[in-house]
Amino acid sequence: MDIEKLKSHLGKAREYKIGKDTFYFKPLTVEYLPEMFSIINKLSINTEAPLSNLDKESVSTLTNLVRVMIKKSYPNMERDYIEKLTKEGVSEEEAKREAQNTIDEFIFANFFPLVTALFEVNDLGAPKLETSKMSSLRAHMEQLKKAKEAKNA
Amino acid sequence: MPETKKSVNEIITRAFAKKPRSDFLIQAHHAFMINYGWIPLEEFKNLPIPTFLNLSEQLKKMADEINRKSR
C-alpha cells in the first residue's frame, strides 16, 4: 500500500518530483470543484485525444487551478520572496510582479507534471495527456504568457 | 428514518449528474447539511476535494442502503 494514497484521502499534501526537486502539493478545496468538473467534462468529450477539447478558456482555467494548488501548498512562498526583494531595494509593486512572473514561468515550464499532480492530489484521476496534442496546448500557453507580459508592460 | 434523509441520494446524484453550474456548490452544501447538520458555508467551501468526494460516496452508500431496505 502506497502511503501517498492514504495522504490524498486525508486531504494532505502528496510528494511529487519535478526535475531533481521534491514538491508537496495539497488538494484544492470544494470551492474549486465546479471548475475542476468543467475541465474534466471537456477532457472526457473525446477520450482518444482529450487535450483537443481544451480551448483557450479551459487552458486558462487549468493554469489558474495549478496556480491555486501551488499557492495553497506553499502559502508563504510568494510573501517571503516579495519581502526578500523589497529588502534588496526593489519596489513592492515590482516585487509582486516579479513573484507572480516567477510562479507563472514555473507553471509554463512544468505544465504537464503539474496538471497530472493537480488531478491526482485531488483524487480525480490524471487525464490521459496525449503527447501529440501537447504542442498545440503549449502554443496556447505561450499566447497567454505573451498576453500577460504585454499587460504587465 | 426521516424522509429528508431518503432524498439525499437523489440530491447528490442530481448534483453530480448535471453539468457543472454555479449552483452546484449550493446543492452539495444543502445535501451535506441534511446529513451532518448546519455547516457554515465558508467551512464547507474549505473542505479538501478528496474529503468531500469520500463523504459524498459514503452518503450515497447510506442512501442506497436505506432505499434497498425500504423496498
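The values are calculated or read from the model by the stated rules, or taken from the named source; none is laboratory data. In this text, all values refer to a predicted model and were calculated from it rather than measured experimentally. Neighbour counts are summed over all protein chains in view; Cβ atoms, including those assigned to glycine, are modelled from backbone coordinates with ideal geometry.
A few comments on the model shown:
- Candidates B:Leu41, B:Leu25: the one that is under 27 Å from A:Lys72 (Cβ atoms) and in contact with a Leu (Cβ under 8 Å, 6 or more places away or on another chain) is B:Leu25.
- Tally, over region A:62-112, of residues that are more than 30 Å from A:Asn41 (Cβ to Cβ) and either in contact with a Leu (Cβ under 7 Å, 6 or more places away or on another chain) or surrounded by 16 or more Cβ atoms within 10 Å (Cβ to Cβ) (or both): 8
- Close pairs (8 angstrom Cβ cut-off, 6 or more residues apart or separate chains): more than 14 Å from B:Phe24 (Cα to Cα) and within 7 Å of another protein chain (Cβ to nearest Cβ) in region A:28-41, assigned to a strand (DSSP E or B) and of a type in the set (A, V, I, L, M) anywhere: none
Residues are listed down the side, and each one gets a yes or a no for (1) touching a Gly at 6+ places or on another chain (Cβ under 9 Å); (2) surrounded by 18 or more Cβ atoms within 10 Å (Cβ to Cβ); (3) at pLDDT 75 or above; (4) hydrophobic (A, V, I, L, M, F, W, C):
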{"residue": "A:Ser8", "(1), (2), (3), (4)": "no, yes, no, no"}
{"residue": "A:Gly11", "(1), (2), (3), (4)": "no, yes, no, no"}
{"residue": "A:Lys20", "(1), (2), (3), (4)": "no, no, yes, no"}
{"residue": "A:Leu28", "(1), (2), (3), (4)": "no, yes, yes, yes"}
{"residue": "A:Glu31", "(1), (2), (3), (4)": "no, no, yes, no"}
{"residue": "A:Ile39", "(1), (2), (3), (4)": "no, yes, yes, yes"}
{"residue": "A:Ile45", "(1), (2), (3), (4)": "no, no, no, yes"}
{"residue": "A:Ala49", "(1), (2), (3), (4)": "no, no, no, yes"}
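- Conditions (1) touching a strand residue (DSSP E or B) at 6+ places or on another chain (Cβ under 6 Å); (2) at pLDDT below 85; number of the one not met by B:Leu25: (1)
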